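This report refers to the structure that appears directly beneath it.
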Amino acid sequence: MRCVGADQDGTGTLAFNAVSALPNATSFGSNAVWIGSTARSLCQDFYNKCSAKNAIKTVKKGTCPNTNDSRNNSVTYNNETVFLLSEREYGLDSYSPISTANSTTSKAECTQGYNAAYSYFTDNSKRVMYRGDANGNPTSNYAYQWERSRYYSYSNYVCRVYNDGSAYHTYYNCITGLAPAFVIG
């Protein structure tokens, strides 16, 4: 894990993200919607197996609940422990554009009231990820990692980070990597 931001999910908090994607890639599941998805279940499994889970803070993270192509419905904020980063939290917003920056009414799928990238993600090279081995060490195989953001133009697509660290999207049933994140504080 690496620290990707300080005080962005509340005063006195540190946010962490996996250095490499989990060894087993998976489909996003649940028709491109985060709540009820395979990806969210696997993040919860990661939390349940974590020996330091008592230090992990529950935070509000936004998701777009509707599956219409326009994504104009309000964001729903959910209690999350281990989650996938959103398009905006990675510092990318080309496939998940926001309507109002730094606002709780924004359509951005970020922390309630904070709609900026985690401070670690300053350029594409910081988003490049490799698949991890069974011990969590990066291999030489690039990994596309899922985001919890839906692609704005097609209801069955989810945003992901491409192997060069740029924004991309893919069908929810495709096989892609998971890079869990969590907050302590």
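Structure above, values below:
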quantity	calculated
Output for region 59-94, where each listed residue is in a loop (DSSP other than H, G, I, E, B), modelled with pLDDT under 90 and β-branched (Val, Ile, Thr)	Thr67, Val75
Residues that are surrounded by fewer than 19 Cβ atoms within 10 Å (Cβ to Cβ), of a type outside the set (D, E, K, R) and in a loop (DSSP other than H, G, I, E, B), drawn from region 1-28	Met1, Gly10, Thr11, Gly12, Thr13, Val19, Pro23, Asn24, Ala25, Ser27
Strands (runs of 3 or more DSSP E) wholly inside region 112-185 containing at least 3 residues that are without any contact (Cβ under 8 Å) to a residue 40 or more places away in the chain and within 12 Å of the chain's Cα centre (by Cα)	none
Matching residues, region 29-64, being among the polar types (S, T, N, Q), surrounded by fewer than 19 Cβ atoms within 10 Å (Cβ to Cβ) and in contact (Cβ under 8 Å) with a residue 24 or more places away in the chain	Ser30, Asn31, Gln44
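The values are calculated or read from the model by the stated rules, or taken from the named source; none is laboratory data. If you're wondering where the values come from, they're calculated on a predicted model, not measured in any experiment. Here the Cβ is made from the backbone with ideal geometry for all residues, glycine too, and neighbour counts use every protein chain on show.
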